[in-house]
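For reference, the structure discussed in these notes is given below.
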Amino acid sequence: MRSVESVEQLWESRAEIMQRNKRHRVEKLFETFLEMVENLARGEEYDPDRMRSSPWFQYIRQYYQHWQEEPLSERADRELRERMQDGIDLFHDIKQNGMRDPLEMFMDRGKRNLILGNRRLVILHVLGIPEAEVLTHASFEAYCESQEAKAR
């Protein structure tokens, strides 16, 4: 089911729409990505040194085993900065062109769970964009089937 929803209502209910099994991880994503997006909205830039000191960089790093090595290899550093740059590029793309794809949720025990669009929700919130398209799947399985169909 597709709908157009208030970004602020989605933002205020973000704790309720987080996937239960990923709650801590998603809370940290919102916290660290929000800081970077707020800085970008103020016109601040991220060079490689600033990227490395960013909480978003550390967030990304903690979830990938080969990026946890000390000291960080050149390859891992480059890959992490590329991941961070993806978030920066997403911010600028949404700012210039609006959101291209809907946020995606699935139903579980009568409750919606946001599965695709956490970073986009942060960006929409910071940019003050009033509404977002949301695609809600009947279940996690229905969401997976839709992803498989897209891949074909």
Residue within the stretch 60-78 that is buried (at least 16 other Cβ atoms within 10 Å of the Cβ), within 25 Å of residue 11 (Cβ to Cβ), at pLDDT below 95 and more than 13 Å from the chain's Cα centre (by Cα) present: no
Failed item, numbered, when residue 46 is tested on (1) in contact with a strand residue (DSSP E or B) (Cβ under 8 Å, 6 or more places away or on another chain); (2) part of a loop (DSSP other than H, G, I, E, B): (1)
Residue tally, condition not basic (Lys, Arg) and not in a helix (DSSP H, G or I), over the stretch 125-152: 12
Restricting the stretch 1-36 to residues that are over 17 Å from residue 80 (Cα atoms) and β-branched (Val, Ile, Thr), the residue that is nearest to the chain's Cα centre (by Cα): 26
Some residue of the stretch 68-76 being outside any loop (DSSP other than H, G, I, E, B), touching a residue at least 12 places away in the same chain (Cβ under 8 Å) and among the acidic types (Asp, Glu): no
Tally, over the stretch 1-14, of residues that are within 11 Å of residue 112 (Cα to Cα) and surrounded by fewer than 16 Cβ atoms within 10 Å (Cβ to Cβ): 1
Selection within the stretch 31-51 - touching a helix residue (DSSP H, G or I) at 6+ places or on another chain (Cβ under 8 Å), under 15 Å from residue 95 (Cα atoms) and surrounded by fewer than 14 Cβ atoms within 10 Å (Cβ to Cβ): 38
Close pairs (7 angstrom Cβ cut-off, 6 or more residues apart or separate chains): closer than 15 Å to residue 89 by Cβ in the stretch 116-135, of a type in the set (D, E, K, R) and at pLDDT 95 or above anywhere: 127/95
Members of the stretch 84-120 found to be part of a helix (DSSP H, G or I) and either buried (at least 16 other Cβ atoms within 10 Å of the Cβ) or of a type in the set (A, V, I, L, M, F, W, C) (or both), listed by number: 84, 87, 88, 90, 91, 94, 118, 119, 120
Filter result (in contact (Cβ under 8 Å) with a residue 40 or more places away in the chain and closer than 12 Å to residue 124 by Cβ) within the stretch 5-16: 5, 6, 7, 8, 10, 11, 14
Of all residues making up the stretch 42-53, the number that are among the aliphatic types (A, V, I, L, M) and over 16 Å from residue 84 (Cβ atoms): 0
Count of residues meeting criterion [more than 23 Å from residue 92 (Cα to Cα) and part of a helix (DSSP H, G or I)] in the stretch 10-26: 10
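The values are calculated or read from the model by the stated rules, or taken from the named source; none is laboratory data. None of the values given here were measured: they were computed from a predicted structure. Every residue, glycine among them, receives a Cβ derived from its backbone with ideal geometry; neighbour counts consider all protein chains shown.
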